[in-house]
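Inspection log for the structure reproduced underneath, given as structure tokens.
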Amino acid sequence: MNGNYSSLSFQGALKKVVHPFSCFVVNMLKGQALKRLIDIILSVTMILLSVPLGILVAIAIKAEDGGPVFFVQDRWGKGKSIFRALKFRSMLPGADRDCGIVPAGENDLRVSKVGRILRATGLDEFPQILNVFLGDMSFVGPRPLAVGEIVTDKNGRNIQYEDIPSFQERLAVRPGLTGIAAIYLSKDSPPEQKFRYDLLYIKKQTFCLDVRLLFITLWLCCKGKWETRGKKL
């Protein structure tokens with residue numbers, strides 16, 4: 001009798017410990033927790049595997065004009081936080097200082113020769129994998145907006161991103177290296193249209209959608225179509 005009672009007591013105690021832990025594991029593997037776990041694993045893997053490529057890109061940038069290899073810029077993050085985004089420099093040194101923070105246009109004279117290749121293949125964004133590892137960004141999400149950047153709205157007016165009504169809603173998730181707007185819209189599309197696509201992603205995001213967008217992005221980069229002004233697909 002005592003043995004059975006002890007056994008039952010042990011089983012009950014075990015359930016009290018195991019059940020909450022199992023629930024925690026299940027919840028952790030849902031939604032944003034799973035997305036973050038994948039971001040960490042994938043970013044570490046890519047950082048380790050991309051060292052030789054990064055060295056070659058750095059040599060090419062330095063050899064062209066002797067300027068800095070990296071470009072660091074303040075970007076809007078989740079919840080209106082601000083983080084320092086890292087990129088391979090694709091413009092001439094001092095381009096933002098001389099011309100202000102404005103998006104690159106087609107045949108933009110500020111873009112270097114090496115920079116054109118980096119932009120076409122998306123390699124200029126590659127150092128942002130470190131931002132993904134640090135938790136500033138995710139692999140998939142709305143593209144990170146530059147703080148203080150001047151853009152042209154659908155009516156031809158020069159505005160800042162904060163002036164767009166859905167700006168705050170867009171910052172509900174971590175910005176991403178790629179996203180629906182970046183893939184399916186022209187780079188010259190008005191910001192209001194890009195925001196609508198970003199909000200659609202926020203509402204519909206799933207693991208399968210993220211995987212699909214990542215594979216499409218890889219295909220576009222391999223084809224050198226990341227900087228295409230018209231339809232990429």
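Descriptive notes on the structure:
- In the stretch 204-233, the qualifying residues are those that are closer than 29 Å to G156 by Cα and over 17 Å from the mean Cα position of the chain (by Cα), and the one that is surrounded by the most Cβ atoms within 10 Å (Cβ to Cβ) is K232.
- Boolean, S138 is in contact (Cβ under 8 Å) with a residue 40 or more places away in the chain, buried (at least 22 other Cβ atoms within 10 Å of the Cβ), within 30 Å of P52 (Cα to Cα) and of a type outside the set (D, E): yes
- Qualifying residue in the stretch 97-107 (condition: crowded, with 22+ Cβ neighbours inside 10 Å and within 19 Å of P175 (Cα to Cα)): no
- Restricting the stretch 81-96 to residues that are out of contact with any Phe, Trp or Tyr (no Cβ under 7 Å at 6 or more places or on another chain) and buried (at least 18 other Cβ atoms within 10 Å of the Cβ) leaves a set whose member that is modelled with the lowest pLDDT is A95.
- Any hit, the stretch 134-148, residues being in a helix (DSSP H, G or I) and at pLDDT 95 or above: yes
- Qualifying residue in the stretch 156-164 (condition: loosely packed, with under 13 Cβ neighbours inside 10 Å, of a type outside the set (A, V, I, L, M, F, W, C) and assigned to a helix (DSSP H, G or I)): yes
- Residue tally, condition of a type in the set (A, V, I, L, M, F, W, C), closer than 20 Å to D188 by Cβ and either in contact with a helix residue (DSSP H, G or I) (Cβ under 9 Å, 6 or more places away or on another chain) or not in a helix (DSSP H, G or I) (or both), over the stretch 73-109: 5
The values are calculated or read from the model by the stated rules, or taken from the named source; none is laboratory data. Everything quoted here is computed from the prediction, not taken from an experiment. Positions of Cβ are backbone-derived with ideal geometry, glycine not excepted, and every protein chain shown enters the neighbour counts.
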